[in-house]
1. Please determine, by comparing only the residues of segment 165-187 that are in contact (Cβ under 8 Å) with a residue 12 or more places away in the chain and open to solvent by 60 Å² or more (accessible area, probe 1.4 Å), which one is farthest from Ala124 (Cα to Cα).
2. Among the residues of segment 90-104, is any at pLDDT below 95, open to solvent by 20 Å² or more (accessible area, probe 1.4 Å) and over 16 Å from Ile222 (Cα atoms)?
3. If Val130 satisfies all but one of (1) assigned to a helix (DSSP H, G or I); (2) open to solvent by less than 40 Å² (accessible area, probe 1.4 Å), what's the number of the condition it fails?
4. Within segment 60-100, which residues are farther than 25 Å from Ala144 by Cβ, among the small types (Gly, Ala, Ser) and without any contact (Cβ under 8 Å) to a residue 40 or more places away in the chain?
5. What tally of residues in segment 135-164 results from selecting those that are open to solvent by less than 20 Å² (accessible area, probe 1.4 Å) and part of a loop (DSSP other than H, G, I, E, B)?
6. Those residues that are of a type in the set (Phe, Trp, Tyr) and more than 15 Å from the chain's Cα centre (by Cα), I need them from segment 160-200; list them, please.
7. If a residue has to be within 19 Å of Lys225 (Cα to Cα), in contact with a helix residue (DSSP H, G or I) (Cβ under 9 Å, 6 or more places away or on another chain) and not hydrophobic (A, V, I, L, M, F, W, C) to count, how many in segment 51-81 make the cut?
8. Can you say whether Tyr43 is assigned to a helix (DSSP H, G or I), of a type in the set (Ser, Thr, Tyr), within 24 Å of Tyr215 (Cα to Cα) and under 19 Å from the mean Cα position of the chain (by Cα), as far as the supplied structure shows?
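The values are calculated or read from the model by the stated rules, or taken from the named source; none is laboratory data. As the structure is a prediction and not an experimental result, all values here were calculated from the model. Methodologically, a virtual Cβ is constructed for each residue, glycine included, from the backbone with ideal geometry; neighbour enumeration extends over all protein chains shown. What goes into the accessible areas is simple: the full protein's heavy atoms, side chains included, and nothing from ligands, DNA or RNA. Shrake-Rupley method; radii C 1.70, N 1.55, O 1.52, S 1.80 Å.
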Amino acid sequence: MRVPAGVRERVASVHGAAALPERLRLYDGWAARYEQDVAALEYRAPHLAAASLAFAFPAPPAGARLLDVACGTGLVARELHQRGFRCLHGVDGSDGMLEQARSTGLYRQLRRCVLGREPLPSPAEHYDAVTLVGALGEGQVPSAALPELLRVTRPGGFLCLTTRSNPSNLRYKAELEAALERLERQGAWRKVLAQEVERWERATSEEESPQGTDYISGVVYIYQKCPVPPLEEG
């Protein structure tokens, strides 16, 4: 594998941490090197997600309110800013990551929040779009948190989500897609896009790339929140 050994070790330690406090501590320590490491991984999710959302978004994005959940160091914000999004808010569970995100100057508001353990610090139906890129995975944000993303999205607004398709994440991906489909059957949202991408990022072990390509694959999902149905007159 051509991924540097130090990068492989840092990725493995973060994804291998069982307890949330330990995982957040590792993210705090990783924050200063994070962007350098994901560049070595050729991590494409922020670019792919922002491009997909911008394509689906029907209105000029400059005035749209967008919440970047699990914002990390601001990689998604950079991509969104290049595509005209200007009113960006972010949340993340790691203080170290938030410090790096703050240094970009791209966010109007940044707050600490561990989604899945606590509600988002936002009123209902506040955002025109919500992104959750890179944190829907085994041991990270649980699929049970999807309704909370919907809560803060306005009717007609868009949600952009990603997950990986590598072997160690397949169980989580199946649970996630079952939850996505269940919410669609309930009329909470409609699927706009589900795009499989083969070269999502470089694999950090041979077990994660069984086809021998040295890459793992991933998926970008775009959903649109359905309008609230009118009350029937009695």
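1. The residue in question is Ser168.
2. No, segment 90-104 has no match at all.
3. Looking at each condition in turn, Val130 falls short on (1).
4. If the condition is that a residue be farther than 25 Å from Ala144 by Cβ, among the small types (Gly, Ala, Ser) and without any contact (Cβ under 8 Å) to a residue 40 or more places away in the chain, then Ala62, Gly63, Gly74, Ala77, Gly84 are the ones that fit.
5. 5
6. Trp189, the sole residue that qualifies.
7. Summing the residues that are within 19 Å of Lys225 (Cα to Cα), in contact with a helix residue (DSSP H, G or I) (Cβ under 9 Å, 6 or more places away or on another chain) and not hydrophobic (A, V, I, L, M, F, W, C) in segment 51-81 gives 2.
8. Spelling it out, it is not the case that Tyr43 is assigned to a helix (DSSP H, G or I), of a type in the set (Ser, Thr, Tyr), within 24 Å of Tyr215 (Cα to Cα) and under 19 Å from the mean Cα position of the chain (by Cα).
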